[in-house]
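K.L.:
Just passing along the structure, written as structure tokens.
The values are calculated or read from the model by the stated rules, or taken from the named source; none is laboratory data. This is a predicted model, so every value here is computed, not measured. Please note: Cβ atoms are built from the backbone with ideal geometry, for glycine as well, and neighbour counts cover all protein chains shown. Only protein heavy atoms, including side chains, enter the accessible area calculation; ligands, DNA and RNA are left aside. Shrake-Rupley method; radii C 1.70, N 1.55, O 1.52, S 1.80 Å.
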Amino acid sequence: MTPPARIPLAGPDVWTGAEMAGSTRWIRTLEAAQRADLATALPALRDRPWDRIGRADLPLPAWRALLADIAHDLEHGCGIVKLRG
């Protein structure tokens, strides 16, 4: 019995570390409004256990488009995202 032919993997989720080291497609730089949202929201959560923090505790209006982009890239893109700033 002949084994089935191997089909090479392809797509945005197939990459090597060397390829990603030379790429910026997975890097997002935070804007001033996004950093300000975090600076406003995080102090109130400082002593709260992480498993008791929900979406309502982090109103991040400046993050809506970025979070949608990140979710898409994690599910349908390269599968990793680096935040800067």
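K.L.:
Mind counting the residues in segment 19-53 that are under 15 Å from Leu83 (Cα atoms), not in a helix (DSSP H, G or I) and not small (Gly, Ala, Ser)?
P.N.:
Selection size over segment 19-53: 8.
K.L.:
Kindly indicate which of Ala10, Ala21, Ala56 is of a type in the set (A, V, I, L, M) and open to solvent by 90 Å² or more (accessible area, probe 1.4 Å).
P.N.:
Result of the check over Ala10, Ala21, Ala56: Ala56.
K.L.:
So which pairs qualify, if the first residue must be in segment 59-70 and assigned to a helix (DSSP H, G or I), the second must be open to solvent by 60 Å² or more (accessible area, probe 1.4 Å) and modelled with pLDDT of 95 or more, the Cβ gap must be under 9 Å, and the two must be at least 6 apart or on different chains?
P.N.:
These pairs meet every condition: Ala62/Glu31; Ala62/Ala32; Ala62/Arg35; Leu66/Glu31; Leu66/Leu83; Ile70/Leu83.
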